[in-house]
1. For the stretch 164-182, check the following and say yes or no: at least one residue is in contact with an Asp or Glu (Cβ under 8 Å, 6 or more places away or on another chain) and either within 30 Å of A225 (Cα to Cα) or at pLDDT 90 or above (or both).
2. Going through the stretch 257-295 one residue at a time, which ones are β-branched (V, I, T), buried (at least 20 other Cβ atoms within 10 Å of the Cβ) and modelled with pLDDT of 95 or more?
3. Would you confirm, using the coordinates I've provided, whether G142 is within 20 Å of V252 (Cβ to Cβ) and either in contact (Cβ under 8 Å) with a residue 40 or more places away in the chain or touching a helix residue (DSSP H, G or I) at 6+ places or on another chain (Cβ under 8 Å) (or both)?
4. I need every pair where a residue in the stretch 194-212 that is free of Cβ contacts under 8 Å to residues at least 12 places away in the same chain has its Cβ under 7 Å from the Cβ of a residue that is basic (K, R), sequence separation at least 6 or different chains.
5. Give the residues of the stretch 214-233 that are closer than 22 Å to P268 by Cβ, out of contact with any strand residue (DSSP E or B) (no Cβ under 8 Å at 6 or more places or on another chain) and assigned to a helix (DSSP H, G or I), sorted by residue number.
6. Among the residues of the stretch 234-283, what is the count of those that are under 23 Å from R65 (Cβ atoms), touching a Ser or Thr at 6+ places or on another chain (Cβ under 6 Å) and either polar (S, T, N, Q) or assigned to a helix (DSSP H, G or I) (or both)?
7. Looking at (1) at pLDDT below 95; (2) surrounded by fewer than 22 Cβ atoms within 10 Å (Cβ to Cβ), which is the one condition that is false for P245?
8. For a quick check of your reading: which strands (runs of 3 or more DSSP E) sit entirely within the stretch 1-94 and have at least 1 residues that are out of contact with any helix residue (DSSP H, G or I) (no Cβ under 8 Å at 6 or more places or on another chain) and on the phi < 0 side of the Ramachandran plot?
Amino acid sequence: MSTNASFTPPPDARAYRLRTARGEFAVVDSPAADGAEPKGVALLLPGFTGSKEDFTLLHEPLAARGYRTVAVDGRGQYESDGPQDDESVYAQAELARDVLAQTAALGEPVHLLGHSLGGQIARAAVLLDSSPFVSLTLMSSGPAQISVSQQQRVKLLREALDTMTMAEVWEVMQTMGPPEEVGGPTRGLGDQERLRQRWLGTTPAQLRATGCQLCTEPDRVTELAAVPLPFHVVSGAYDDTWPVPLLDEMAVRLGAHRTVVMGAEHSPNTDRPLPTARALADFWDGVPGRPDAAG
């Protein structure tokens, strides 16, 4: 994999291509910290316009708690290859099968976490086959389609992608503002040039297909609630993409553990990484079946 020096992995982490039965995917793989009891593996899926770097600030605190974390670029995201124009390979079911292949390649059951769009892809993977997973965490990812205001922003983005190059769309976004609530977080990643390189690395077909999914996703909470996994719903205290009361209600319907990270908005992983990591590790520590699980 060609390494982009703009996004430096955390200490002890490796950036490489994970070989799977469905192709190779760019990952940042951070081991449990030296001296920490290894407790398990977490696979982290980024959101719309995001990338594996969105989890950079979570790796070290989770490593200190004994968790190996593997953040992945999905097909067509940043450093993972994908067709530029064929949207069919980015159908949600196809992306869900990619997640199952990634998990199989890691070789052990994982705690699955998806942020925003990544949460809906994670949900689809669990509904296809829940057996490879120890738990599912939905971070700032709601029960169905995104809010009307965010649908309008995604619609504008998709229309721009139909007539402009990725570089041209980037310039327009700098004047009108990107769909930040839906898109990848910026804090913790560096300057605009680093974000521009990530944008240019993502394929237009992936953005068009997944943008459509965000605007049309049905409510699958009842179906998910029937899956025998522990669930965790995490969000900031404010979210324009899926309002917080909607996420509260979804957690109740799932019988899920619920965490609201104060001072965070749509991206607790970058807004407040330390309390977010603490909440994730606390939940994973208590998952039934773990030797040290409590409650």
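1. Just the residues of the stretch 164-182 that are in contact with an Asp or Glu (Cβ under 8 Å, 6 or more places away or on another chain), to begin with: 181.
Retained after the next criterion (residues that are either within 30 Å of A225 (Cα to Cα) or at pLDDT 90 or above (or both)): 181.
Yes.
2. T259, V261, T276
3. Here the answer is yes, as G142 does meet what is asked.
4. none
5. L214, V221
6. The qualifying residues number 4.
7. For P245, the exception is condition (1).
8. Counting at least 1 such residues, we get 14-20, 23-30, 67-72.
The values are calculated or read from the model by the stated rules, or taken from the named source; none is laboratory data. Keep in mind that this is a model prediction, so the values were computed, not measured. Positions of Cβ are generated from backbone atoms using ideal geometry, with glycine treated the same way; all protein chains shown enter the neighbour counts.
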